[in-house]
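Below you'll find the structure, written out as structure tokens, and then a few comments.
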């Protein structure tokens, strides 16, 4: 199982990857305002030292009800961090955006992956940009948009609908000139889904690798964990996230997007040692 970005091809057949979350926003649901300016670069360095192989940088909150920000503001928040990080690190940098202008600025600054919560549906210029640059692409499923997605999520069969969405996206994006090998799929846990929908998608992880594409899972600090366990304290979601990382790797997820890097790296590598019979 390969994933291709502008940095080259990565073999994910045996070893998954931890994607560290770097929100350079004042209003993200769990760490808004903590990692702006110089603090952002320091936090990126810390996550890399702990084993993150991808740093995902976002300049607009996608929490339920979050207000939109302009592309200009998003670029101002993210581009300096990407430029500074690329000067000192050769690992993968992802831009978390649905705006083609923001993605273009990020790719020019040194990013090699576009992580789009709309699945490249929000901006008609995003697909041509990704095709032209050959960047890695994370196609996420979301019902509605960040401002409305949690009002009343409803599906006949959430697993079937997510699979159908992935099939359509792979076909459409390939027709637009994007190499299918550049595509990674994200079921969008917590994006237009109830607790029951999220749990159903986790149980169905082995089915979600449509077209043999790798699956990215983002469950870190999500509210469904708190609702499932009966605690709304963010601190109580850290170790359940680690548990899901280990379980999800065995179920087929290859990329794990998290806030706390070190324990999730350890869970991932331990799980893979058990799966493959060797330390890796």
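Worth pointing out:
- From the list 156, 192, 188, 212, the one residue that fits, being closer than 21 Å to residue 228 by Cβ and either surrounded by fewer than 14 Cβ atoms within 10 Å (Cβ to Cβ) or touching a strand residue (DSSP E or B) at 6+ places or on another chain (Cβ under 8 Å) (or both), is 188.
- Some residue of region 236-252 being in contact with a strand residue (DSSP E or B) (Cβ under 9 Å, 6 or more places away or on another chain) and not in a helix (DSSP H, G or I): yes
- Output for region 57-79, where each listed residue is surrounded by 16 or more Cβ atoms within 10 Å (Cβ to Cβ) and more than 19 Å from residue 191 (Cβ to Cβ): 71, 75, 77, 78, 79
- Residue match in region 139-149 (condition: more than 20 Å from residue 54 (Cα to Cα), touching a helix residue (DSSP H, G or I) at 6+ places or on another chain (Cβ under 7 Å) and either crowded, with 18+ Cβ neighbours inside 10 Å or modelled with pLDDT under 95 (or both)): yes
- Number of the exception - residue 63 against (1) in a loop (DSSP other than H, G, I, E, B); (2) without any contact (Cβ under 8 Å) to a residue 60 or more places away in the chain; (3) out of contact with any strand residue (DSSP E or B) (no Cβ under 9 Å at 6 or more places or on another chain): (2)
- Here residue 198 passes the criteria (1) modelled with pLDDT under 95; (2) in a helix (DSSP H, G or I) except the one numbered (1).
- Residue match in region 231-243 (condition: within 12 Å of residue 18 (Cα to Cα), modelled with pLDDT of 95 or more, buried (at least 23 other Cβ atoms within 10 Å of the Cβ) and under 19 Å from the mean Cα position of the chain (by Cα)): no
- Positions within region 163-180 being in contact with a strand residue (DSSP E or B) (Cβ under 9 Å, 6 or more places away or on another chain) and surrounded by 15 or more Cβ atoms within 10 Å (Cβ to Cβ), in sequence order: 165, 166, 169, 170, 173, 174, 178
- Flag if residue 101 is over 20 Å from residue 5 (Cα atoms), modelled with pLDDT of 95 or more and crowded, with 16+ Cβ neighbours inside 10 Å: no
- Residue within region 259-279 that is closer than 29 Å to residue 168 by Cα and either in contact with a helix residue (DSSP H, G or I) (Cβ under 6 Å, 6 or more places away or on another chain) or in a helix (DSSP H, G or I) (or both) present: no
The values are calculated or read from the model by the stated rules, or taken from the named source; none is laboratory data. Since this is a predicted model, take the numbers as computed values, not measurements. Here the Cβ is made from the backbone with ideal geometry for all residues, glycine too, and neighbour counts use every protein chain on show.
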